[in-house]
1. Compute the longest continuous run of the chain that contains no exposed trypsin sites (Lys or Arg not before Pro); treat a site as exposed when its DSSP state is not H, G, I, E or B and it has at most 15 other Cβ atoms within 10 Å.
2. May I ask you to give the solvent-accessible area per residue for the stretch 34-84, in square angstrom, as obtained with a 1.4 angstrom probe?
3. In the chain, what % of DSSP beta bridges are antiparallel (nearest 5)?
4. Among Ile181, Ile213, Ile19, whose mean-square fluctuation peaks in a Gaussian network model of the chain (Cα, cutoff 10 Å)?
5. Give the lysines whose C-alpha is closer than 24 Å to that of Lys200, dropping any in the same chain fewer than 8 places away, or say none.
6. What does the extension gain come out to for Gln38 and Glu254, with contour length at 0.36 nm per residue minus their alpha carbon separation?
7. Rounded to the nearest 5, what % of the DSSP beta bridges within the stretch 76-223 are antiparallel ones?
8. Would you look at the GNM of the chain, springs on alpha carbons closer than 10 Å, and say which of Glu137, Glu173, Glu165 moves the most?
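The values are calculated or read from the model by the stated rules, or taken from the named source; none is laboratory data. Here the structure is a predicted model, which means the values were calculated and not measured. Reconstructed Cβ throughout: ideal geometry from the backbone, glycine too, with neighbour counts over all protein chains shown. Heavy atoms of the whole protein, side chains included, go into the accessibility calculation; ligands, DNA and RNA do not. Shrake-Rupley method; radii C 1.70, N 1.55, O 1.52, S 1.80 Å.
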Amino acid sequence: MEKLFGLIGEKLGHTYSPIINSKIMEEININGHYGTFQVNNENLKDVIPGLKALGYNGINVTIPYKTDIIKYLDKLSPEAEKIGAINVVAIGRDKMATGYNTDYYGFGMMLENANIKISGENAVILGTGGASKAVAEYLKDNEIKQIIFVTRDMATAKQKFPEDEIVSYNDFEKIENCSTIINATPVGMFPNIEATPIDKKYLMGFSQAVDLIYNPSETVFIRQSREAGLKSVNGLYMLVAQAIKSQEIWNEVEISDETIIKILAFLKQEYL
């Protein structure tokens with residue numbers, strides 16, 4: 001019987017998730033279909049009941065619903081509860097919907113693959129949405145010295161991250177002694193590829209830049225970081241790594257890290 005998976009989000013024209021997940025399932029001999037569902041906020045409450053009724057086995061969740069979807073789930077995995085954001089939902093035979101966070105895992109794999117060192121360093125995270133929660137949790141678990149969040153919504157950010165330093169974009173120039181800057185916003189993502197979350201002049205004091213965006217493969221943020229001499233990486237490796245982790249959860253299997261390399265090679269040959 002064909003298994004059913006998918007992705008929900010507000011705008012999904014940019015996504016490679018169906019391609020990646022279909023390729024993963026081909027690699028591990030799973031008979032499955034992966035679709036996409038663009039959902040308005042007012043319809044979010046109907047998503048989980050609808051997917052249960054249709055017999056779906058699992059979904060990924062992307063911007064802007066990684067925190068909002070939680071209230072419609074039956075339970076959370078320990079890491080999802082700790083982070084407070086999810087990007088994977090598994091629907092069991094008992095129709096219970098469980099939320100997981102594989103962004104945490106994918107982010108760590110990306111840093112390791114790109115040789116981005118964060119232990120003992122100070123980092124700036126642009127944005128305080130659902131993706132930033134997994135990023136921050138990973139950094140804290142791996143001995144980051146300090147995190148500074150940059151946001152346009154100070155009040156909400158202080159509620160989400162009460163123990164961390166938070167500054168507005170207007171005060172960015174006051175930030176000092178940080179080695180790593182991470183874009184956890186959707187600014188610069190297809191189709192708005194000319195946008196960037198931060199002016200190039202502010203990149204000069206950093207040595208490493210990470211962008212969670214993968215389409216385009218070189219955002220303005222990454223290009224300007226590279227031009228400024230920063231070691232830079234986009235979010236493609238993270239996307240593939242978290243997708244593999246999602247498939248492991250849904251299908252209760254272990255998938256080798258070599259599959260990440262295969263999928264990346266396939267994407268670069270066919271789509272990038």
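1. Working: sites that count: Lys11, Arg93, Lys95, Lys117, Lys145, Arg152.
Result for the longest clean stretch: 153-272.
2. On the way: 2610 Å² over 51 residues.
Heavy-atom SASA per residue in the stretch 34-84 reads 51 Å².
3. Values: 7 of 40 bridges.
Once the DSSP bridges in the chain are tallied, antiparallel ones form about 20 percent.
4. Taking springs between Cα atoms under 10 Å, the residue moving most is Ile19.
5. Cross-link targets: Lys117, Lys174, Lys231.
6. Working: separation 216, 0.36 × 216 = 77.76 nm, distance 2.97 nm.
Difference between extended and current length: 74.8 nm.
7. On the way: 4 of 22 bridges.
Within the stretch 76-223, antiparallel bridges account for around 20 percent of the total.
8. Maximum fluctuation in the GNM of the chain, among the listed residues, is at Glu173.
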